[in-house]
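The values are calculated or read from the model by the stated rules, or taken from the named source; none is laboratory data. Keep in mind the model is a prediction, meaning the values are calculated, not measured. Note that each Cβ is placed from the backbone with ideal geometry, even for glycine, and that neighbours are counted across all protein chains shown.
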Ligand SMILES: Cc1ncc(COP(=O)(O)O)c(C=O)c1O
């Protein structure tokens, strides 16, 4: 399709050729159910799943591949991390920049006796980790923090928040939906106990892939959301109590995991720092280009190093959905307008309920894409200023 795709924060596109080839190869040559049957194809399918765990463990510096479970997206991983872990009487802290994939399970848990405190971030989406300290109580069980906002692009102080959590013996859960594959993550150095990631964004996997890293031993404190066949301990009617089977009931999305494995290898082969630098350069050129237009407001931190390549902006009070339609119809640019499933983030930025235009850059965007995007914003701005 001939278009400029600037909606990589929703899902990355296009995917590397290797990902498509791996999925095609899997479907044509393997296609079996991993960990179930006794034949060669099933064993090879199981090997693909294990290889994906190994690659992800390496990417996140997890001590063991068995600390990683597969889910269908980051949302499911965050639901396991909240609904599976928290009990009435627990208190948790989160930030005002969170996505609804964390806010909604937490708001639901509030109705079941879990206490939720939301640390307010600045209008740029920044959190001072020291603001967390006074919110900690005797019953604080966990801190839930996004690694980077999908609205303002702000990178959160994960390492410092992790250190505070560790100091107080509190669990630390990070939503890496926007960062896994885009910026380095080290669960050991960052003191992360639970890391929810998605496969279909910066890890270049297909939709329907994602996962959760759990610090060793933590699985014993978490109930699975789904139980059933795992291909292991089939003589028992009780759910297996070991990783990863406890959380992986039912036939997995093996073709998706085969694609995700190729995506993770692509990220590692390209070098995550190189990806980060390239994407940051594109986003920063775009920000510089549109910042010169009068009446255009760009949200998020000014410093390039404080953000991922997700750019939210507004044009002179123009409706973001009208702007998105214009970008699509006149310039063939795919963007996402509105609230981006994160109403609290927009309230923090002062852009609720109208939301923003969001252009999110990816590895496969070019400098020419950036120039066209600047031109498109410039044309709308001229029109609004006439
Ligand atoms: C910050 C953040 N958290 C969670 C999610 C949910 O990810 P998924 O669609 O993979 O469930 C997203 C996706 O947009 C996100 O940007």
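Put simply, of 22, 52, 10, 45 the only residue that is within 13 Å of the ligand (Cβ to nearest atom), touching a residue at least 12 places away in the same chain (Cβ under 8 Å) and crowded, with 16+ Cβ neighbours inside 10 Å is 10.
Residue-by-condition table, conditions (1) modelled with pLDDT of 95 or more; (2) away from the ligand (no atom under 16 Å from the Cβ):
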residue: 318; (1), (2): no, yes
residue: 333; (1), (2): yes, yes
residue: 341; (1), (2): yes, no
residue: 350; (1), (2): yes, yes
residue: 369; (1), (2): yes, yes
residue: 386; (1), (2): no, yes
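With the condition kept exactly as written, say whether any residue in segment 136-147 is assigned to a loop (DSSP other than H, G, I, E, B) and within 16 Å of the ligand (Cβ to nearest atom). Looking through segment 136-147, at least one residue is assigned to a loop (DSSP other than H, G, I, E, B) and within 16 Å of the ligand (Cβ to nearest atom).
For segment 55-64, the set of residues classified as surrounded by 18 or more Cβ atoms within 10 Å (Cβ to Cβ) and assigned to a helix (DSSP H, G or I) consists of 55, 56, 57, 59, 60, listed by residue number. When segment 1-48 is filtered for residues that are assigned to a loop (DSSP other than H, G, I, E, B) and more than 22 Å from the chain's Cα centre (by Cα), the ones remaining, listed by number, are 1, 2, 3, 31, 32, 33, 34, 35, 36, 37, 38, 39.
To keep it simple, each residue is scored yes or no on (1) at pLDDT below 95; (2) under 20 Å from residue 205 (Cβ atoms).
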| position | (1), (2) |
| --- | --- |
| 5 | no, yes |
| 8 | no, yes |
| 38 | yes, no |
| 41 | yes, no |
| 57 | no, yes |
| 67 | no, yes |
| 95 | no, no |
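Looking at segment 213-229, can you tell me whether even one residue there is buried (at least 24 other Cβ atoms within 10 Å of the Cβ) and assigned by TED's automatic domain parsing to the domain that holds residue 99? Within segment 213-229, one or more residues are buried (at least 24 other Cβ atoms within 10 Å of the Cβ) and assigned by TED's automatic domain parsing to the domain that holds residue 99. The criterion of at least 3 residues that are within 11 Å of the ligand (Cβ to nearest atom), touching a helix residue (DSSP H, G or I) at 6+ places or on another chain (Cβ under 7 Å) and at pLDDT 95 or above is met, among strands (runs of 3 or more DSSP E) falling completely within segment 162-238, by 194-198.
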